[in-house]
Amino acid sequence: MRFNIISFALGVCLLQQQPQLPPLAWALLLAPILVLWWRLSLRAADGRGGRLRSPVLVSESSLSAAGGNRGRSHPRCARPLLPAHAAGLAAMLLANAMFAAAGYFYAAAWAQWRLADRLAPQWEGPDLSVTGVVAGLPQPFERGVRFNFEVEQVEPAEARLPRRIALSWYEGSTREEFQDVAFIRAGERWRFRVRLRRPHGSANPHGFDYESLLMQRAIGATGYVRPGGTARLDDLVLRPAYLIERAREILRERHWDTLPGYPYAGVVIALAIGDQNAIDAKQWQLFARTGVSHLMSISGLHVTMVASLFALLVHWLWRRSSALMLALPARKASALAMFLAAFCYCLIAGFAVPAQRTVYMVGVVALALWANRISSVSRVLCFALLVVLLLDPWAVLAPGFWLSFGAVAVILYVVTGRLRPAHSLVQWGRIQWAITLALAPLLLVWFQQMSLVSPLANAVAIPLVSLVVTPLALAGSVLPFDFILELAHAAMALQMWLLEWCAALPAAVWQQHAPVAWTVALALGGCAWLLLPRGVPARWLGLPLMLPMFAVAPPAPAPGGAWITVLDVGQGLAVFVQTERHALLYDTGPAYGPEADSGTRVILPYLRASGITGLDAMVLTHDDNDHAGGAVAVLSGLPVGVLYSSLTASHPALLIAPAYRLPCAAGQGWDWDGVRFDMLHPTAGSYAVDRLKSNDRSCVLKISAARGTALLTGDIEARSEEELLERAPGELRADVLVVPHHGSRTSSTNEFIAAAQPRWAVFPVGYRNRLGHPKEAVVARYRAAGAQLLRTDSSGAVLVRLESEGISVAPYRGLRRRYWYAG
């Protein structure tokens with residue numbers, strides 16, 4: 001059964017990589033055929049004496065039967081294993097194939113149903129009146145509050161909305177102000193006037209897939225509350241899910257009131273009710289640097305601790321009553337208490353994947369204890385895997401799914417069937433070392449970094465957080481004694497001091513490029529070999545298998561070639577240019593808020609995953625948020641050789657800019673690896689013109705490789721285009737043109753387009769942006785000029801390759817197609 005469940009999981013994983021979903025008719029047609037084929041195979045196997053069991057197990061049973069007849073030949077041992085059990089082996093393989101197909105079509109059916117619950121395109125944009133219930137914890141942020149909303153009614157009546165939508169209410173800036181105006185609470189029924197759009201997020205190599213997250217959370221539309229028509233209709237809707245969310249909110253408010261202004265109150269809240277949004281970005285960076293992020297949410301370790309505590313308490317109390325003992329054995333009572341405690345804690349925690357996995361494992365163990373049939377740990381883990389995927393086939397898309405199941409699997413691998421060391425601390429250290437080593441490839445794939453101080457940090461953090469902070473946080477949530485939560489915060493403060501000390505150690509974190517896929521497979525095999533039991537010869541051979549993951553660098557352009565990536569940063573611009581040995585960043589996209597910008601969310605993750613450890617040059621075209629909003633983050637995160645810009649002296653980016661910085665000026669130029677870079681605009685004298693708009697002072701950069709050219713134009717408008725046509729008309733010819741000013745009506749004159757003659761025109765625009773870029777008239781001009789058009793809102797990042805073989809231009813959404821991108 002374990003292999004069958006793993007096959008089912010592989011089928012689910014395969015479906016989540018598909019660009020299109022199979023029609024449900026295929027599943028309905030193939031299901032009875034597969035079942036019939038499987039049953040016939042089983043009958044054939046039984047008829048030949050071959051059972052549906054592993055060939056290895058059959059061999060072991062044969063050898064054990066022969067064990068009592070040593071020294072004599074045994075007919076069962078003499079027969080070759082494969083011919084005698086070929087039918088059984090075939091039936092086993094067929095059964096695994098059937099389970100894989102079942103997983104594939106099961107996930108496909110769920111996906112079809114969830115895609116059908118998305119907002120229809122015709123209802124993007126118009127204001128709608130919706131009535132429904134606040135379905136989760138509202139999350140205050142600097143400009144408002146975000147919350148999930150379950151729709152019950154909509155006007156106009158012909159509008160068909162998804163069952164669940166995500167809304168933002170941009171009003172007020174603090175929690176206190178929201179309380180005075182209209183503080184939203186979980187479980188309340190409201191009527192709002194909203195404006196919605198279909199699920200959409202940026203799409204970049206190595207970037208976060210927001211659309212898959214919305215798919216996982218069953219959110220069919222996002223939007224915001226419009227002024228007018230807002231009313232609270234009911235204070236609380238009496239349904240179990242809403243009551244749980246209200247309980248979580250009450251507990252969160254108790255923490256807020258008891259720990260006002262305390263620096264680690266958010267961590268205590270996360271440990272008590274699983275609200276990870278309460279932890280700020282700097283604290284998450286510290287946890288990632290020390291490898292203890294898994295402890296700062298309600299993980300399997302915490303659920304196990306709470307379940308074990310209740311089981312021991314019930315077992316102790318139950319044995320004190322002879323009547324209770326006669327009615328039900330103490331072991332069964334404690335098993336039931338263990339499961340109920342784990343389940344209730346998981347509900348309060350928001351039912352995250354690591355907590356789910358533990359609850360299902362606890363449930364299987366409790367069931368085995370209740371039925372007096374103790375199962376193996378690996379079988380328990382596999383049944384937990386099956387339940388998780390049955391309830392949520394998209395769990396395989398989350399890194400936490402693989403890290404949580406992987407950690408338990410590693411523990412089983414290094415503990416089961418081996419001699420235990422004399423000291424438990426030695427065993428604990430061995431497990432920590434094994435988890436750190438075995439999960440390193442996965443951490444490098446998803447995060448491009450791993451903590452080298454993780455074993456040390458976890459050795460201190462696991463007992464302190466699990467046995468001290470978490471129990472105090474839970475007790476303080478329900479008991480009317482404020483000092484308990486204050487003690488939890490004090491213990492957390494001690495923990496943070498220890499983590500900061502660990503993070504300050506030399507080489508605390510290993511950072512590198514995203515490893516190539518085949519090197520990850522080798523590294524996982526190397527880890528498995530290194531962690532074999534003592535006595536196995538040549539375990540050191542696992543090290544050479546891991547080396548390619550670190551040594552094989554990402555590909556780079558050949559001499560004379562340039563790779564240009566127009567990143568998808570929403571309504572803004574960020575272009576990365578790479579030659580054989582040099583790197584340049586042209587603009588840094590927008591800032592989305594005080595603590596979020598495209599530099600942190602898009603550019604730095606992309607550069608680090610691509611193996612870029614520093615920039616030789618950066619160009620900031622002009623002082624607009626959508627072009628320079630991420631500059632401070634990039635300059636703080638990576639070394640930059642030289643900065644070209646048209647920024648004013650007071651711009652924050654110049655305060656941390658490298659010592660070598662220059663204003664953009666026509667005539668500047670340089671050669672990198674056989675690729676020519678020329679600054680075409682603005683002129684040096686333009687900085688003395690006070691009335692010149694910042695858009696018309698945008699830095700225009702031309703890139704000329706061996707077989708193609710690209711022109712990056714910033715936000716220049718018609719005035720600058722006319723000036724370029726007069727001053728350097730022959731320099732405007734480009735194979736690839738990043739369209740000026742996002743396709744605004746004030747740019748891209750017919751004369752400019754005729755001079756550029758682009759084969760590809762790239763519009764860097766945000767999805768349904770409020771400015772309406774690109775304008776239809778501008779799009780029509782480029783189409784009439786014969787250019788192929790690409791838009792970052794529909795194409796994602798645009799990957800341009802200027803190489804000796806020619807020019808290639810590809811949209812990232814076309815290279816990484818997934819079914820949830822459809823439409």
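In order along segment 527-541, phi translates into HN-Hα couplings of 4, 4, 5, 5, 8, 5, x, 4, x, 6, x, 6, 5, 5, 5 Hz, rounded to whole numbers, per the Karplus curve 6.51 cos²θ - 1.76 cosθ + 1.60 with θ = phi - 60° and x for Gly and Pro.
Calculate the all-directions average of the projected area of segment 180-234's alpha-carbon convex hull, and give it in nm².
For segment 180-234, averaging the hull's shadow over all directions gives 5.4 nm².
Computed over the alpha-carbon pairs of segment 185-341, the distance histogram in 10 Å steps reads 9, 19, 30, 25, 11, 5, 1 percent, short to long.
Check each of the trypsin sites (Lys or Arg not before Pro) in segment 656-759 and keep only those in coil by DSSP with at most 10 other C-beta atoms within 10 angstrom; list them in order. Let's see the in-between values first.
Numbers: sites: Arg661, Arg676, Arg691, Lys693, Arg697, Lys702, Arg707, Arg719, Arg727, Arg733, Arg745, Arg759; in loops: Arg691, Lys693, Arg707, Arg733, Arg745, Arg759.
Answer in residue order: Arg691.
Compute the length gained on full extension between Arg163 and Ala504: take 0.36 nm times their separation in residues and subtract their Cα-Cα distance, giving the result in nm to one decimal. Working shown, then result.
Details: separation 341, 0.36 × 341 = 122.76 nm, distance 4.76 nm.
So the extension gain works out to 118.0 nm.
Within the same chain, aspartates and glutamates fewer than 8 places from Lys282 are excluded, and of the rest, those with a Cα less than 15 Å from its Cα are Glu500, Glu595, Asp597.
Quick one: plug the Kirkwood hydrodynamic radius of segment 451-552 (C-alpha pairs) into Stokes-Einstein at 4 °C, 1.567 mPa s, and report D in µm²/s. Here the translational diffusion coefficient equals 76 µm²/s.
Between the residues Ala218, Ile250, Phe339, the greatest Cα displacement towards the positive end of the dipole of segment 212-349, with unit charges on the Cβ of Lys, Arg, Asp and Glu, is found for Phe339.
Legend: P(r) of segment 533-640 from all alpha carbon pair distances, 10 Å bins from 0, whole percents, reading 14, 39, 22, 12, 9, 4, 0.
Which is the longest run of the chain containing none of the chymotrypsin sites (Phe, Trp or Tyr not before Pro) found in DSSP loop states (not H, G, I, E, B) with at most 14 other C-beta atoms within 10 Å? The reported range is 209-480. Put +1 on the Cβ of each Lys and Arg and -1 on the Cβ of each Asp and Glu in the chain; which of Ala653, Gly525, Val689 then has its Cα farthest toward the positive end of the dipole? Comparing the listed Cα positions along the dipole, Gly525 ranks first. Starting from the Cα of Tyr660, step 7 Å along the direction of its Cβ; do the same at Ala475; then give the gap between the two resulting points in nm. About 6.1 nm, to one decimal.
Rounded to the nearest 0.05, what FRET efficiency do Arg331 and Trp284 give with R0 = 51 Å and r taken as the Cβ-Cβ distance? Could you check? Write down the numbers at each step before the final one.
Values: r = 41 Å, r/R0 = 0.81.
Taking R0 as 51 Å, the efficiency between Arg331 and Trp284 is 0.80.
If both residues of a DSSP beta bridge must be in the chain, then about 75% of such bridges are antiparallel.
Shown here for segment 229-337: trypsin sites (Lys or Arg not before Pro) in loop regions (DSSP other than H, G, I, E, B) with at most 11 other Cβ atoms within 10 Å, namely Arg320. Placing +1 on the Cβ of every Lys and Arg and -1 on the Cβ of every Asp and Glu, with nothing else charged, gives the chain a dipole about its Cα centre of roughly 4240 debye.
Any idea what diffusion coefficient segment 128-260 gets from Stokes-Einstein, in µm²/s, Kirkwood Rh on alpha carbon pairs, 20 °C, 1.002 mPa s? Answer, rounded: 137 µm²/s. The label point for Leu14 and the one for Ser804, both projected 7 Å from the Cα toward the Cβ, are 4.1 nm apart. Only one residue of Ala440, Val453, Ala323 has its Cα farthest out toward the positive end of the dipole of the chain, where Lys and Arg carry +1 and Asp and Glu -1 on Cβ, and that residue is Ala323.
Kirkwood analysis of the Cα pair distances in segment 700-761 returns a hydrodynamic radius of 11.4 Å.
Could you work out [θ]222 nm for the chain from helices alone, using -39500 (n - 2.57) per DSSP H run of at least four and dividing by all its residues? Round to the nearest 500 deg cm²/dmol.
Value at 222 nm, helices only, nearest 500: -14500 deg cm²/dmol.
What lysines could a cross-link reach from Lys702, if we take a straight Cα to Cα line under 29 Å and drop same-chain neighbours fewer than 8 places away? Answer for Lys702, where 29 Å is the Cα cut-off: Lys693, Lys775, listed by chain and number.
When the alpha carbon gyration tensor of segment 704-820 is reduced to an equivalent ellipsoid, its three semi-axes come out at 23, 20, 10 angstrom, largest first.
In the chain the longest region clear of GluC sites (Glu not before Pro) that are loop-assigned by DSSP and have at most 11 other C-beta atoms within 10 Å covers 159-804.
Taking the empirical scaling 2.2 N^0.38 Å for compact globular proteins as reference, segment 652-763 has a Cα radius of gyration ratio of 1.07. Take the Cα coordinates of the chain, assign each an equal point scatterer, and use the Debye formula without solvent to give log10 I(q)/I(0) at q = 0.10 Å⁻¹. Result of the Debye calculation: -1.27.
Note on Leu494 and Phe550: with the Förster distance fixed at 35 Å, the Cβ-Cβ geometry gives a FRET efficiency of about 0.50.
Quick note: the coordinates plus some simple rules give every number you see, no bench work behind them. Here the structure is a predicted model, which is why all the values come from computation and not from measurement. Ideal geometry is used to build each Cβ from the backbone, glycine not excepted, and the neighbour counts take in all protein chains shown.
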